[in-house]
């Protein structure tokens, strides 16, 4: 924590640089995520957020002003709890592995003109896009009447992530209501550009490009989604169990699904919200939206009183309306359909332009938002300047968080199908020169420009490509300054030793409970298993039963592997949920034998010759995971 303040009225923090502070090492790798990297901001009434740290943490500080501050290459930028009536503008909280700005029980604040880009984790292009609850802006638990305007919050787990809070989930009361999101850029989020749940808000004039979901509005009510530009998303606007919402005057271009509304058959029995509130999908007005080359403009199911009218325009699509379950009182009228399954005529579209402008709906409400979120006289243009970064490919993660494209680095690009050729790419300051100076485990390593390929030697497991950079000065990811034209070495290293894991699953009961009757539990290992598996990669994530015949909850996993290893020091990581124990040659090395959320344990060992690994694991209920990773460290 760089700055912590509590109970200070009218605090002013101006032009502070609080970068390169603490952040946890991430365990997710190129091929797969590690579930211990997931964040949880749901509880902060006892300052639970402090376990993550931040550049700035303000508690019960009304009327605060934070202007011109920078937090980069840490975990969280600015965290607010119990802070009302503040102004936070012209800040750069970017390239962090958690949040740009987080807010809890904080109302009537203005968050404007901030650079909140690349606050992300849980992303690997082509492999997974989870976000792991990172966000450019996070708003949790009874935060009301805040204004978020003219910010850039791109390339973050969610661009904007709002959740009503546990109070609302338990009682059905309150929420994070009447917040205004106006003219922000929430593009290139691995998950949602905007997520607003169990609350009433206004989302007006924002730009959202290249997200999985442009706007996710689970259980939102009486919300207004107006004049946003939502393009290249898997789904533009998705609302489950929403009531009395208005979707008006938005541009939806090149999305797979434009607007999706639906409800599920049943609600979780432990949700107070669902027991005390109307959770039907009902009464949504969809008017004057422009759908261009959206494969399925409308996907509406199990909903009541949905009105699609007053000048929506549909141009080039496969199927205009997808109905998976019947709707009641669905109304479709006074819309314009052009070029069904074909390109629309350019002259026809040109003639329609005046109609589009004349029928721009809700001008009074748009003007009201513009007045409320008027630009600050000295507000900076927070837009992402580097055009080359305007895509999700520019999200590159290492073990310390997102890469900021400012220092020499190398990332794995591809492994060919024969698994023998590895391709990497170097990145760094413009004008820099890179060359390979050493390699190990490859027969050759070469490449023009910034891309390099190497063919692995047969049976090679410890792979190394070492580079040298010469060029402009830079500051590395830990804040160290490196002068110009001084050679700088960095490397790509990868350990690919595969094991022959033999995995067995058993069910357990009260008599073989792992916590109260461990000796009996361990005897299950020698009993007939319910299921077996052989794998060379011990990585499991279970939302249900791991195999046929195995219980969804209260099951045991036993895994073992024998192997030969060249002498050296190795780091072993084991991620588990729930309990896990790891033995090497009969010696207990990792002992996390309790019910817990996903967590990673690491040990370092000297290996050489023949060895045996054994892992015991139990699931106590709900989600479970088991993930073994290792690498050579000398």
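Read-outs: derived from the displayed coordinates by stated rules, not from any lab. Computed from a predicted structure; not experimentally measured. Every residue, glycine as well, gets a Cβ built from its backbone with ideal geometry; the counts of neighbours run over all protein chains shown.
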Return the FRET efficiency for the residue pair residue 374, residue 489: r is the Cβ-Cβ distance, R0 is 51 Å, and the value is rounded to the nearest 0.05. 0.50
Which log10 I(q)/I(0) values, to two decimals, does region 501-632 give at q = 0.16, 0.19, 0.22 Å⁻¹ under the Debye formula with one point per Cα? -0.77, -1.08, -1.41
Report the label-to-label distance for residue 385 and residue 269 in nanometres (one decimal), using points 7 Å from each Cα along the Cα→Cβ vector. 5.8 nm
Could you order peptides 42-48, 196-202 by the average number of other Cβ atoms within 10 Å of their residues, highest first? 196-202, 42-48
Helix 363-372 vs. the chain, principal-axis angle (Cα, 0 to 90°, nearest 10): 60 degrees
Rank the residues 607, 524 as a footprinting-exposure proxy: fewest other Cβ atoms within 10 Å of their Cβ go first. 607, 524
Treating the angle as unsigned and between 0 and 90°, give the value, to the nearest 10°, between the Cα long axis of helix 346-358 and the longest Cα principal axis of the chain. 70 degrees
Percentage relative contact order, the chain, counting C-alpha pairs under 8 Å, at least six apart: 8 percent
Most packed first (mean Cβ within 10 Å per residue), the peptides 146-152, 22-28, 33-39 order as 146-152, 33-39, 22-28
Kindly put 57, 488 in sequence by how many other C-beta atoms sit within 10 Å of each C-beta, fewest to most. 488, 57
Length gain on complete extension for the stretch residue 310 to residue 293, per 0.36 nm per residue less the alpha carbon to alpha carbon distance? 4.1 nm
Rg(Cα) of region 406-495 divided by 2.2 N^0.38 Å? 1.12
Taking R0 as 60 Å, what's the FRET efficiency between residue 170 and residue 70 from their Cβ-Cβ distance, rounded to 0.05? 0.95
CD proxy, 222 nm, the chain: helix-only mean residue ellipticity via -39,500 (n - 2.57) per DSSP H run with n ≥ 4, per residue, nearest 500, stands at -1500 deg cm²/dmol
What whole number of Å gives the distance from the Cα centroid of region 495-537 to the Cα centroid of region 441-468? 38 Å
For the chain, Kirkwood radius (reciprocal of mean inverse C-alpha pair distance, Å): 26.9 Å
For the residues 80, 613, what sequence is obtained by ranking on other C-beta atoms within 10 Å, fewest first? 613, 80
